[in-house]
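What follows is a single structure, written as C-alpha cells, with notes after it.
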Amino acid sequence: MQTVKLNNDIELFYKQNKDTPRIALCFNFSMNKEPKKAGVQSLMTRLLMQGTKNYTAEELAAELDKYAIEFSAEIKLDYLKLKFLCLNEDFEKAVEILEDIIKNTTFKDLEKEKLKLKGEIEADMDSPKTKVVDNYYKTLYANHHYGYTNSVVYENIDSITNDEILEAYHEFMTNSKKVIAVVGDAEFNKIRKLLNDKFGNFYKSDENNAAIQAPELEEAKHIEIIKPDAKQAHIIQGWYADTSQSEDYPALSLLNIILGASGLSSRLFLELRDKKGLAYVVRSSYDIAKLCANFSIYIATEPKNIEISLNGFKEEIEKIKTNPVSEEELNNAKNNLFGKWAYSMEDNNRQASTYAHYGVNGLGYDFIDKAKERIKKVTPEQIQTAANKYFNDKYVISIIKP
C-alpha cells in the first residue's frame, strides 16, 4: 500500500492486488459546510451523470457501456463519492470520463430529474419499513442534514433552483478534503502520473475548513404513523452513540453483534423471535457517521405485539446492562465481526470504497487493522459499561402501524 499527495494536496492511496483483471477507483470530496436545503446535494449528484460539455446523457451512458465501465455518483452523509470499476486496460479511459464528469458537467434537465426523484421517493415511501426508517432518522437528526431523509427531500424538491445546484457543486469542488483510492493490478507510478495530469491542477484539497456541528438529542421522542393498509407493525428504537474515533467504538461494535447483528445467533433473534414468537424480523444496527452515530433496534411484528416488543427490547437491554456477557459469547462476536469485515473487503471495488471512506473521514488507511487489535482486547466489563452508558433515557421510538 502506498500513499502520496498530488500537486494540489489531493491524497492518493494505492493498494496493489496482483492478478486481478479489474481496477477500482473511488474519489471522495468531504462535506465541509452544512447544505442549505434538503435535496440540493441529492439532485446535484444525480445530475453529474446526466451529461457533460462533451457527452449528452445518452452518449455518456453509451461510452461507459462500450468499455464496460461501472460508474456511480453518490451523496453520503459526510462526503460526495464518485466511483468506477473497469478492466485494467481501460483505466486511462475511465479516468478521462471521470475528469470530464467532474470538470464539465452541464447540470441540465433539472426539472426532469426532479420528477424522476419524486417518483422514486413516492414508490419507496409506499413501503412501511422504509417509512418507519425515514421517520426515525428525520426525528433523531431533526434540524441537521443527517436528518434529510427522502420525505424531507420530497417536501423541498420543487423549490430547488439551478443556482442552488451550481452553488452546492462549487462548494464540494473548492471547499473539501479530496481523497482518491485506487485498488487493482497496475503500476503505481503510471497511476500517480495520470491522476496528477488530470487532477493535479484542480482545486486544492482542504481538510481544515469543516464547519458543521454535530446533531444533538435533548429528550426522548415517540412518534407513531398510521398506515391503514399496513399488514404489520414496524418499530425502531434508537439512541445516540459515539463514532469510529471513540474509545467505546470496539465495545459498541461487539455490543451490536451480540444483541442483533449476528443473525440467528443474536440475543434479540433468539429471545424475541425464536422463544417468544414476536418477530418476523428483528435486528440491531450501529450506524456510524463522521460527527455522531446511533445504535438502534428494529422489529417487524403483529400490531397487537407492539407494547410486548418494546418491553422485550427493555428486557434484553437490562440483561446486558446487569449481567456481563460470557467469554464464549464475546469471542464468538469478535469472530463474527472479523468475518463480516473480511467479506466487506472481498474485492477491489469494495476495498477502494472503504479506503477512500477512511481517508476522507480522517480515520487513517490502517484503520481496520488498528480496530481489529482494539477489538481483540475488549472485555465483558467493557461491553457492560457501554450498554449502561448508551442505553439511556434519551432515545427515539418510531412506529408505523395499521
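Each pair of Cα atoms in the stretch 76-158 enters the Kirkwood radius, and Stokes-Einstein at 4 °C and 1.567 mPa s then converts it into a translational diffusion coefficient of 83 µm²/s.
Using only the Cα atoms of the stretch 317-379, build the gyration tensor, take square roots of its eigenvalues as a ≥ b ≥ c, and label the shape rounded, prolate or oblate: rounded if a/c is under 1.5, else prolate if a/b is larger than b/c, else oblate.
Details: a/c = 2.72, a/b = 2.11, b/c = 1.29.
The shape class here is prolate.
Shape annotation for the stretch 170-241: C-alpha extents along the principal axes are 59, 32, 25 Å, from largest to smallest. Result for the chain in a Gaussian network model with C-alpha springs under 10 Å: among Pro250, Pro21, Pro215, the largest mean-square fluctuation is at Pro21. Based on C-alpha pairs under 8 angstrom that are at least 6 apart in sequence, the chain has a relative contact order of 24 percent.
Adding -39500 (n - 2.57) for every DSSP H run of four residues or longer, then dividing by how many residues the chain holds, sets the calculated 222 nm ellipticity at -13000 deg cm²/dmol.
Largest first and in whole Å, the equivalent-ellipsoid semi-axes of the chain read 38, 27, 19, each the square root of five times a Cα gyration tensor eigenvalue.
For the chain, the fraction of 1.4 Å probe accessible surface lying on carbon and sulfur atoms is 46 percent. Note that the stretch 191-199 has calculated 3J(HN,Hα) couplings of 5, 4, 5, 4, 6, 5, 5, 7, 10 Hz, one per residue in order, obtained from phi through the Karplus relation 6.51 cos²θ - 1.76 cosθ + 1.60 (θ = phi - 60°); glycine and proline are x.
Close amide H contacts of Tyr395 (hydrogens built in the peptide plane, cut-off under 5 Å, sequence separation of 5 or more or a different chain): Ala220, Lys221. Each principal axis of the stretch 26-177 carries a Cα extent, and these read 47, 33, 28 Å when sorted largest first. Ligands, DNA and RNA aside, His234 has an accessible area near 20 Å² when probed at 1.4 Å. Measuring between their Cα centroids, the stretch 59-125 and the stretch 324-346 lie 35 Å from each other.
Taking the alpha carbon gyration tensor of the stretch 254-402, multiplying each eigenvalue by 5 and rooting it gives semi-axes of 29, 18, 16 Å, largest first.
The values are calculated or read from the model by the stated rules, or taken from the named source; none is laboratory data. Being a predicted model, the structure only gives us computed values, none of them experimental. For the accessible areas, the whole protein counts, side chains as well, though only heavy atoms, and no ligand, DNA or RNA atoms are used. Shrake-Rupley method; radii C 1.70, N 1.55, O 1.52, S 1.80 Å.
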